[in-house]
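Reviewing the structure listed below.
The values are calculated or read from the model by the stated rules, or taken from the named source; none is laboratory data. None of these values were measured; they are calculated from a predicted model. All Cβ positions, glycine included, derive from the backbone under ideal geometry; neighbour counts span all protein chains shown. Protein only, heavy atoms only, side chains kept; ligands, DNA and RNA dropped before computing areas. Shrake-Rupley method; radii C 1.70, N 1.55, O 1.52, S 1.80 Å.
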Amino acid sequence: MKIVSTWTGGVAAGAAMIAQPARAADAASLLSGAGGLAAGSAIVLALLGGLTVAILTSSRLSGSSLFNRLFIVVATTSAFFSAVSSAIGFSLITSQETADFFRNDILPPAFGVFVFFLGIAVWIGGAELVRHRDWFRGLGNGPVATALQFVERSIKIFVVIPILSLILFVVSTWTTVVGIAGVDAVRLTYTYELDRLQSECAAIVGWRQRDLIALAELRQSVRDTTNAADRERKGGFQTGSAGRGAVADYFDGVAQWYASVEQSVAETLAAPDPAGASPFEPEICAARSQKLREALSANAYVNYDAWANDFESAFNDFAIILNRWRQDQRVETFLKSQQASFERANPKPVAGISAAQSRAINRFSESVAATLEESAKELRNHKPPIPLRSAAEISPERGLAIVAALFEKKALTSDDGKKKKKPARNAAVIAAERIPGLSAITPRDAVLKHAQVFSDVWALGISWDYASYVLMLAFLFFPSAERAAGRKDD
């Protein structure tokens, strides 16, 4: 019985549909919205409906049962579905950001056509192989011949067909899952990374408020110092001698110097950041995260590599900015340098002053120096947050290592019940800490990494690729299933 010939009329139309997945974005631009969806659905339904009618009414299958005809319909439509989704998955795997006509526009649809004919060959051709006797043809139709035919069919169905279907799994099911869930799986990883980056931004912006607090405390200290100098000059509240003098002049000089320190800190914090953003801008984290989320939700199927590279560049650029903010210690360094130069910038008068005046000068000098030291110490002790672990640090496996990790039993280890002490976060450790960039991942790795999340897609891909195999089992246990009513005993 020539089963393969029943679907030849629909192959050309099927191949024409398959040859277009790489141009899906172009079609979407022409057929957008609900109208485009309805048009696409109508085309697919009309194509498959015509193919189904052709198979069910074909005169070449006049002696075939309805089950046999529907088996051919299932095998053909499943091959069509696999071909389209596999072509999409193949385009995600092989696409390039640069314009490459053969790689971006020819290879994916050609691969889809290949998958279509591979599925037809494995299932419809395999069914032909299973039903016809190849061994022991000269034994007639007796019980022994029937038993031997059953053995032959069993070997074909449980050995030969599974070997052929392994090729179909690697070629079709794998790329089908990538085509359906690959971009969503990448977005799942990148969503975690984006949430991590936003948390890092919020933590660093909160940490950098220390500079504003230090500036506010410095301003208050400057006001106190200026007031102290005014009171000394006007009332001599520390020495008891009002008016201009060595003590009053020293106090005024320190107050002016101290005010210049406060002005320098304020200018440092108000200066534009070289990165074009400031940790003191309101809603800076939300604004940057929103831009990244818009980039993440953009259409990745127009050109996957361009989409992924654009998002990765924007993500890593912001991570670099956060690392700059994290390592920004200009205020702390400036205050420490001014503390060290305080005595040189404001020399104490030593000639022509009394012991009481000397004590007043020392108390005033020590008070200002202590305030500077305390401000620098608070900035030094207020350490930046520990960077969060990226997705790549939590789960670094890629490729086949992902599959091995899924089945690997991780043994619980203990170091004699002793917990390892974490190294102290000194200045060297903090200087070496970095916020990780994007944990870049490909669609083929992402669907493996998140296999549990996308288990329904895996089940769907396996189901429509192997539904024909389950139906094929009927030809083993019920050989007459291929023949129409009235011809069961032929």
Next item on the list: Hey, can you tell me all the residues within the stretch 86-108 that are closer than 20 Å to residue 173 by Cβ and open to solvent by less than 30 Å² (accessible area, probe 1.4 Å)?
Entry: 86, 87, 89, 91, 92, 94, 108
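Could you look through the stretch 193-203, keep only residues that are buried (at least 18 other Cβ atoms within 10 Å of the Cβ) and of a type outside the set (Gly, Ala, Ser), and pick out the one that is farthest from residue 270 (Cα to Cα)? Before the answer, list the steps.
Residues of the stretch 193-203 that are buried (at least 18 other Cβ atoms within 10 Å of the Cβ), as a first pass: 193-194, 196-198, 200-201, 203.
Narrowing the set further to residues that are of a type outside the set (Gly, Ala, Ser) leaves 193-194, 196-198, 200-201.
On the way: 193: 31, 194: 28, 196: 28, 197: 25, 198: 24, 200: 23, 201: 19 Å.
It comes out as 193.
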Note to self: What's the number of the only condition in (1) farther than 19 Å from residue 166 by Cα; (2) in contact with a helix residue (DSSP H, G or I) (Cβ under 6 Å, 6 or more places away or on another chain); (3) small (Gly, Ala, Ser) that residue 110 fails to meet?
What the structure shows: (2)
Check: Mind checking which residues of the stretch 338-354 are loosely packed, with under 13 Cβ neighbours inside 10 Å and in a loop (DSSP other than H, G, I, E, B)?
Finding: 341, 347, 350, 351, 352, 354
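Residues checked against (1) modelled with pLDDT of 85 or more; (2) open to solvent by 10 Å² or more (accessible area, probe 1.4 Å); (3) outside any helix (DSSP H, G or I); (4) touching a strand residue (DSSP E or B) at 6+ places or on another chain (Cβ under 8 Å):
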position: 113; (1), (2), (3), (4): yes, yes, no, no
position: 128; (1), (2), (3), (4): no, yes, no, no
position: 148; (1), (2), (3), (4): no, yes, no, no
position: 157; (1), (2), (3), (4): no, no, no, no
position: 161; (1), (2), (3), (4): yes, no, no, no
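For every residue, the table says whether it meets (1) small (Gly, Ala, Ser); (2) open to solvent by 10 Å² or more (accessible area, probe 1.4 Å); (3) in a helix (DSSP H, G or I); (4) under 30 Å from residue 268 (Cβ atoms).
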site	(1), (2), (3), (4)
171	no, yes, yes, no
174	no, yes, yes, no
182	yes, no, yes, no
185	yes, no, yes, no
191	no, yes, yes, no
205	no, yes, yes, yes
212	no, yes, yes, yes
Check: So which residues in the stretch 263-307 are surrounded by 14 or more Cβ atoms within 10 Å (Cβ to Cβ), closer than 30 Å to residue 443 by Cβ and small (Gly, Ala, Ser)?
Finding: 289, 295, 300, 306
Checklist line | Filter result for the condition that a residue is assigned to a helix (DSSP H, G or I), of a type outside the set (Phe, Trp, Tyr), within 30 Å of residue 390 (Cβ to Cβ) and open to solvent by less than 70 Å² (accessible area, probe 1.4 Å), over 322, 335 | finding: 322
Next item on the list: Quick one: residue 485 ticks every box in (1) modelled with pLDDT of 85 or more; (2) assigned to a loop (DSSP other than H, G, I, E, B); (3) open to solvent by 80 Å² or more (accessible area, probe 1.4 Å) except a single one, so which number is it?
Entry: (1)
Notebook entry, point to check: Got at least one residue in the stretch 65-85 being among the small types (Gly, Ala, Ser), more than 20 Å from residue 128 (Cβ to Cβ), surrounded by 23 or more Cβ atoms within 10 Å (Cβ to Cβ) and modelled with pLDDT of 80 or more?
Noted result: yes
Checklist line | The one condition in (1) in contact (Cβ under 8 Å) with a residue 40 or more places away in the chain; (2) loosely packed, with under 14 Cβ neighbours inside 10 Å that residue 357 fails to fulfil | finding: (2)
Notebook entry, point to check: Taking the stretch 368-384 only, how many residues are open to solvent by 50 Å² or more (accessible area, probe 1.4 Å) and in contact (Cβ under 8 Å) with a residue 40 or more places away in the chain?
Noted result: 4
Next item on the list: Scan the stretch 405-425 and give yes if some residue there is in contact with a Phe, Trp or Tyr (Cβ under 7 Å, 6 or more places away or on another chain), modelled with pLDDT of 70 or more and either under 17 Å from residue 204 (Cα atoms) or surrounded by 10 or more Cβ atoms within 10 Å (Cβ to Cβ) (or both), otherwise no.
Entry: no
Margin query: If residue 193 meets every condition in (1) without any contact (Cβ under 8 Å) to a residue 40 or more places away in the chain; (2) under 30 Å from residue 453 (Cβ atoms) apart from one, which number is that one?
Written below: (1)
Next item on the list: Residues being in a helix (DSSP H, G or I), of a type in the set (A, V, I, L, M) and crowded, with 18+ Cβ neighbours inside 10 Å: count how many of those fall in the stretch 426-452.
Entry: 3
